[in-house]
1. Of everything in region 260-279, what is more than 12 Å from residue 16 (Cβ to Cβ), crowded, with 22+ Cβ neighbours inside 10 Å and at pLDDT 95 or above? Give them in sequence order.
2. Check whether at least one residue in region 191-208 is closer than 21 Å to residue 247 by Cα, more than 17 Å from the chain's Cα centre (by Cα) and away from the ligand (no atom under 16 Å from the Cβ), and report yes or no.
3. Can you find a residue that is farther than 27 Å from residue 36 by Cβ, at pLDDT 95 or above, in contact with a strand residue (DSSP E or B) (Cβ under 8 Å, 6 or more places away or on another chain) and surrounded by 18 or more Cβ atoms within 10 Å (Cβ to Cβ) anywhere in region 197-208?
4. Yes or no: residue 227 surrounded by 16 or more Cβ atoms within 10 Å (Cβ to Cβ), in a helix (DSSP H, G or I) and more than 16 Å from the ligand (Cβ to nearest atom)?
5. Is it true that residue 235 is surrounded by 14 or more Cβ atoms within 10 Å (Cβ to Cβ), modelled with pLDDT of 95 or more and in contact with a strand residue (DSSP E or B) (Cβ under 9 Å, 6 or more places away or on another chain)?
6. Looking at (1) crowded, with 18+ Cβ neighbours inside 10 Å; (2) touching a helix residue (DSSP H, G or I) at 6+ places or on another chain (Cβ under 9 Å), which one does residue 104 not meet, given that it meets all the others?
7. Looking at residue 172, is it modelled with pLDDT of 95 or more, assigned to a loop (DSSP other than H, G, I, E, B) and within 19 Å of the chain's Cα centre (by Cα)?
8. Using the structure shown, decide if residue 259 is under 22 Å from residue 299 (Cβ atoms) and within 16 Å of the ligand (Cβ to nearest atom).
Ligand code: MN9
């Protein structure tokens with residue numbers, strides 16, 4: 001089993017053309033930008049990457065492009081979750097074939113899973129399709145509607161799935177997160193996925209994080225981690241408050257659609273979102289940019305290396 005993932009992993013956006021097709025040629029520059037900014041890994045085709053809105057062959061092409069662009073400089077996790085386990089199996093096989101480092105999966109969500117044992121059956125089938133790759137369960141109840149006890153999952157997966165690595169933990173239950181981190185002999189990796197609570201997660205022992213907002217303000221979180229390690233809690237809290245305010249602006253403007261627009265505002269245009277998300281209209285961009293200005297977002301975004309000049313909409 002590979003060692004645990006440490007530091008900030010981003011969930012990159014999938015770049016798209018105005019007509020909604022995938023802009024595969026934009027991926028290498030995005031990856032270089034993330035590497036130049038100290039990002040340790042990428043979680044591709046997840047929620048932020050709009051994986052669930054893509055076809056299986058598009059997901060394979062995008063995953064392959066990220067793996068190729070990463071060229072082993074940083075870790076790549078490929079999200080393979082799908083309503084059809086068979087599609088997940090194909091995606092998992094493909095991820096192993098192209099040289100991804102890890103796979104991760106949400107459960108099927110149309111027919112709801114209500115027991116850990118059924119969840120483990122699903123994960124075991126997917127994990128077996130990529131036996132060389134450690135698998136992280138992607139726990140994101142707000143989007144999947146599946147909210148099971150994650151400590152029970154670790155207990156059951158331990159013997160049932162040889163390549164089970166841990167959990168991408170995207171729900172704000174710090175107590176359950178802490179229980180997972182400390183399960184058994186701390187034998188599973190549990191990556192924290194709620195960016196606006198990173199400091200809280202550090203306080204209970206987190207060392208690895210996957211998130212969307214590390215795409216545009218990684219330096220904020222890198223400094224939170226440094227301040228925390230130096231014991232300067234006041235400074236860490238101030239920066240975490242910035243993250244909270246930023247996420248409030250993101251949520252006000254519709255979440256993912258606003259985040260993809262923010263990539264354009266920082267000078268790394270990733271194009272529109274796909275339905276059922278819908279892209280910001282011109283006037284909505286202006287309100288978003290105003291709200292971001294009011295929280296000093298561009299002061300932080302300007303610390304990002306390797307992007308063009310921020311694009312001001314007005
Ligand atoms: O998985 C992301 N969650 C979603 C990670 O995309 C639903 C997070 O990084 C959030 O986008 C972030 C803002 O709420 O914490």
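The values are calculated or read from the model by the stated rules, or taken from the named source; none is laboratory data. The structure presented is a predicted model; accordingly, all values stated were derived computationally and were not measured. Here the Cβ is made from the backbone with ideal geometry for all residues, glycine too, and neighbour counts use every protein chain on show.
1. Within region 260-279, 261, 262 meet the criteria.
2. yes
3. Narrowing region 197-208 to residues farther than 27 Å from residue 36 by Cβ: 200, 203-205.
From what is left, the residues that are at pLDDT 95 or above are 200, 203-205.
Retained after the next criterion (residues that are in contact with a strand residue (DSSP E or B) (Cβ under 8 Å, 6 or more places away or on another chain)): none.
No, because not a single residue in region 197-208 is farther than 27 Å from residue 36 by Cβ, at pLDDT 95 or above, in contact with a strand residue (DSSP E or B) (Cβ under 8 Å, 6 or more places away or on another chain) and surrounded by 18 or more Cβ atoms within 10 Å (Cβ to Cβ).
4. Values: surrounded by 16 or more Cβ atoms within 10 Å (Cβ to Cβ): yes; in a helix (DSSP H, G or I): yes; more than 16 Å from the ligand (Cβ to nearest atom): yes.
For residue 227, the condition - surrounded by 16 or more Cβ atoms within 10 Å (Cβ to Cβ), in a helix (DSSP H, G or I) and more than 16 Å from the ligand (Cβ to nearest atom) - is met.
5. Values: surrounded by 14 or more Cβ atoms within 10 Å (Cβ to Cβ): yes; modelled with pLDDT of 95 or more: yes; in contact with a strand residue (DSSP E or B) (Cβ under 9 Å, 6 or more places away or on another chain): no.
For residue 235, the condition - surrounded by 14 or more Cβ atoms within 10 Å (Cβ to Cβ), modelled with pLDDT of 95 or more and in contact with a strand residue (DSSP E or B) (Cβ under 9 Å, 6 or more places away or on another chain) - is not met.
6. (2)
7. Working: modelled with pLDDT of 95 or more: yes; assigned to a loop (DSSP other than H, G, I, E, B): yes; within 19 Å of the chain's Cα centre (by Cα): yes.
So residue 172 fits the description; yes.
8. It is true that residue 259 is under 22 Å from residue 299 (Cβ atoms) and within 16 Å of the ligand (Cβ to nearest atom).
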